[in-house]
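Reviewing the structure listed below.
Every number in this text was worked out from the coordinates using simple rules, so none of it is lab data. Here the structure is a predicted model, which means the values were calculated and not measured. Here the Cβ positions follow ideal geometry from the backbone for every residue, glycine too, while neighbour counts run over all protein chains shown.
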């Protein structure tokens, strides 16, 4: 059964020469990879900013399907544009900035609906998994599309 978790991020100007990277409940290496992809493929700069990433509730997440949610939280904080209430996010991020499909997309969407979520941001392949009346799914094939959607508040 899918478990939905809250991912929190804070991106703030660094007061020191070397920016701080603090992670609770997720892999430090995965955060470094996501930041590099966001910089190289999406043009977001994190080199002079402190980055804090937290998995709420004390859980430890190792699944790549959380990549897009972490990236969305980082983008949201960096652009100071909140994600909408009731939105669930999942997908794997590749090094070239593509949003990759994850296993059990339909089960994830079903669980999100049971918990009261009414929209989702997911890989392009998840659109085929949605049944009429379920969660409204906005898809993205590239991380640049996610940055654009968040910056323009389009879901």
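What number, in percent, do you get for the relative contact order of the chain if the mean sequence gap of Cα pairs under 8 Å and at least 6 apart is divided by its residue count?
Values: 274 pairs, mean separation 35.7, N = 155.
For the chain, the relative contact order is 23 percent.
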- Query: How far apart, in nm, are two points set 7 Å out from the Cα along the Cα-to-Cβ line at residue 40 and at residue 20?
  - Reply: 2.8
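Within 10 Å of each residue's Cβ, count the other Cβ atoms and sort 48, 27 from fewest upward. Walk me through the numbers on the way to the answer.
On the way: 48 9, 27 16.
The fewest-first ordering by Cβ neighbours comes to 48, 27.
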- Message: Testing the spin-label approximation: label points 7 Å from Cα along Cα→Cβ at residue 6 and residue 28. State their distance in nm.
- Response: 2.7
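Hey, fewest Cβ within 10 Å first, where do 115, 44, 35, 142 land in order?
Details: 115 11, 44 20, 35 23, 142 17.
Placing the least packed residue first, the sequence is 115, 142, 44, 35.
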- Given 0.36 nm per residue, what is the gain on full extension from residue 127 to residue 154 after removing their alpha carbon distance, in nm? 8.1 nm
- Message: I'm a student and want to see the number: the projected area of the Cα convex hull of the chain, averaged over all directions, in nm².
- Response: 8.6
- Taking the Cα atoms only, what angle lies between the long axis of helix 67-79 and the longest principal axis of the chain, rounded to 10 degrees? 60
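So if R0 is 30 Å, what FRET efficiency would residue 114 and residue 144 give, r being the distance between their Cβ atoms, rounded to the nearest 0.05?
Values: r = 32 Å, r/R0 = 1.06.
The calculated FRET efficiency here is 0.40.
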